[in-house]
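Trainee: Input: one structure, supplied below.
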Amino acid sequence: MASTNTSRSFHFSRNLPKRKKTSAPQAGFALMFDNVLFLFQELFPANKRSCEYFSKYFSDVGLKELADHARNQQSIGARKELQKELEEQMSRGDPLKDIILYVREEIKKNNISEQTMIGLIWASVMSSVEWNKKEELVTEQAIKLLKQYSPLLKAFTSQGLSELTLLLKIQEYCYDNIHFMNSFQKIVVLLYKADVLSEEAILKWYNDAHTAKGKSVFLEQMKKFVEWLKNAEEESESEEEETD
């Protein structure tokens, strides 16, 4: 059965963004800027010791690089706090509608993109429980958890790029956590059936948007499902032609 999600926009740039590597000089400057911010915290009154205030101050005096660094630190801090709060809400068992409302408010307040937010939500969901140490049981546990939180994931994958971001996060997580290596396909199929991931996103990931992490293992896991998706798509197109 093909996904019913036909309303979301699905546009990708031809060349997907690559991760930037931090050079030794860049790391050195970042450390220097951190030290400057620390010194300013000691010099300024307690009510003005925030990255937001420092960013404005440095901009006003023409120190753009320091202002940018302060803004970056503020953004990182906000995301860490947001993820921590999400994990606490999930641990308490807060209603999904309340969590979704909270996330939407945070997106607006902190100007966070949906792509960034879906990464934070995924990390929060996967950090909200203690995982079983046995590989044969961890997949079942993951499926149960993701079924519970699929409405939350769906609420913040309205864009094709957000879906692809989620797929890459799943790939990275299953690779980095060895007990999940055999869970990747089952997780993707579950989220497809829950209308979180569309056929287009899965095919895009499979064809050319995956990363090198566990590539051969995950592509092999997905092979039969991808073939099924392609056949279902061809059958759907044939039916439309016959109707016309």
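Trainee: Given just the C-alpha atoms of the stretch 132-244, how large is their convex hull per residue in cubic angstrom?
Mentor: In the stretch 132-244, the Cα hull volume divided by residue count equals 112 Å³.
Trainee: Continuing with the same structure: Multiply the residue gap between GLU85 and SER158 by 0.36 nm, knock off their C-alpha separation, and tell me the result in nm, one decimal place. Walk me through the intermediate numbers first.
Mentor: Details: separation 73, 0.36 × 73 = 26.28 nm, distance 2.28 nm.
So the chain would gain 24.0 nm between GLU85 and SER158.
The numbers here are math on the coordinates, done by the rules we state, and not lab data. In this text the structure is predicted, and so the values were computed from the model without any measurement.
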